[in-house]
1. Once phi is turned into θ = phi - 60°, what whole-Hz ³J(HN,Hα) does the Karplus curve with 6.51, -1.76 and 1.60 give for every residue of segment 376-382, x standing for Gly and Pro?
2. Just want the ordering: Ile179, Ile81, Ile313, Ile7, from fewest to most Cβ atoms lying within 10 Å of their own Cβ.
3. Using θ = phi - 60° and the Karplus form 6.51 cos²θ - 1.76 cosθ + 1.60, what ³J(HN,Hα) does each residue of segment 356-368 get, whole Hz, x for Gly and Pro?
4. Taking every pair of alpha-carbon atoms in segment 3-411, what share in percent sits in each 20 Å bin, from 0 to the bin with the longest distance?
5. In the structure shown, do any of Lys49/Lys242; Lys71/Lys274; Lys6/Lys72; Lys242/Lys284; Lys6/Lys171; Lys2/Lys72 have a Cα-Cα gap over 30 Å, and if so which?
6. Can you list residues from other chains, or at least 5 along the same chain, whose modelled amide H is less than 5 Å from the amide H of Gly241?
7. Where does each of Val327, Val286, Val56 land when they are ranked from fewest to most other beta-carbon atoms within 10 angstrom?
8. Can you compute 3J(HN,Hα) from phi for each residue in segment 10-21, using the Karplus curve 6.51 cos²θ - 1.76 cosθ + 1.60 with θ = phi - 60°, rounded to whole Hz and x for Gly and Pro?
Amino acid sequence: MKLTTKIFIGLILGAIVGLGLHLAAPDLFSTLDAYVFGPLGTVFLNLIKMLVVPIVFFSITLGTASLGDPKKLGRIGGKTIAFFLVTTTIAISIAISLAYLFQPGSVDINPAGAEYEAQEAPGVVETFTNIIPTNPIQAMTEGNMLQIIAFAIFIGFALAMLGKKTEGIYKLVEQGNEIMMFLVNLIMRFAPYGAFGLLASAIGTMGIDGMKGMAMYMFVVILGLVIHAIVTYGSAVAFLGKMNPIKFAKGFFPAMTVGFSTSSSSSTLPISMKTAQENLNVPKPVSSFVQPLGATINMDGTAIMQGVATIFIAQVYGSDLSFAQLVMVVLTAVLASIGTAGVPGVGLIMLAMVLNQVSLPVEGIALIIGIDRLLDMLRTSLNITGDAACAVVVAESERKYGIDEDAKRMEA
């Protein structure tokens, strides 16, 4: 049985067991969640998180070093960032349009008593000025991905420029990357059990009642995610990446299932890169550069949630947003996605930033927080799919510059 099938079975069994225990034996669920489901999911997440920082450092360093030419690095970096900004803008626009079309906040929901303690989101200027680390080791210890990526790009550029003088260091980084990929394969054997534990815990905690009250909001968010995946990414892969979208979806499905179960773009990164390289034939230099960057700054699924949630909260509280405020929602959500870390639940912190920009009550987040875990799983799958779509598009555009030869040199 293929690993993808095993993970899918784990997800389905987790949903069935979690919901069944929630309805029939809530006390038993609490016990099993504390001693079985929760630990299974936590162990799996920790195993993957253990590899994230070294993989980001090694892969970005190797990717940058293999690109070598500053012009090539700038070209690929420019295409990648442009793709992410355009697709995120499309995503938030789809979300706002659907929210106005279906009016999810027009149902009878009482916001009174809603409590949510807002955490301070980093400002846009602060995000950009903090990209350069003052202490790279501290950045790695704290898991600050933007700073790790910046440091790795500098190291990779230096390795490319110094050439034979630093062959030993280059080999060391290359071997470190090989070790990480070996460990990814090892850890993935535990993925079906981790997926089972994570989904059983999430569905069992939420139950049917928690989903019923927010059915329309959930429907609009999920519809936005599906439309963006099929129309935006499907079109990009087909017309720009010259790849059949169905082949793309089938090839990347294993990573989607892991993204769904972990709710973390960063944690899923090792599997995303492996899947893109092996199943989608994305050259290693492109995958090593584009996907770690995407896991840090490309959050289309989060942008869709923020767009729908903002209009939903405005409708619940009876607030009409002006066109200027809607433009501000788009701009803030796009820029916030750059500062959104790829970890579970952080989208809610960024949503507080968006709500503040248009003078909506941050307490409204309490209305959606109960079902956010399930939606977080879905939007993480979309986020990593966007990273892979970008990698496919960039790889196709770089083939005329000989990116496949760069990949062969990396593997030689």
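FYI, it's all coordinate maths here, none of it is from the lab. Keep in mind it's a predicted model, so treat the numbers as computed, not measured. Note that we place each Cβ from the backbone using ideal geometry, even for glycine, and neighbour counts take in every protein chain shown.
1. 4, 4, 5, 6, 5, 4, 5
2. On the way: Ile179 13, Ile81 16, Ile313 28, Ile7 25.
Result, fewest neighbours first: Ile179, Ile81, Ile7, Ile313.
3. Listing the rounded values in order: 4, 5, 10, 6, 9, x, 4, 4, x, 4, 4, 5, 10 Hz.
4. That works out to 28, 57, 15, 0, in percent per bin.
5. Values: Lys49/Lys242 33 Å; Lys71/Lys274 27 Å; Lys6/Lys72 40 Å; Lys242/Lys284 18 Å; Lys6/Lys171 36 Å; Lys2/Lys72 38 Å.
Going by Cα-Cα distance, Lys49/Lys242; Lys6/Lys72; Lys6/Lys171; Lys2/Lys72 fall outside the 30 Å limit.
6. Result for Gly241 returns nothing.
7. Numbers: Val327 11, Val286 31, Val56 27.
The most exposed by this proxy come first: Val327, Val56, Val286.
8. With the stated coefficients, segment 10-21 comes to x, 5, 5, 4, x, 5, 5, 5, x, 5, x, 5 Hz.
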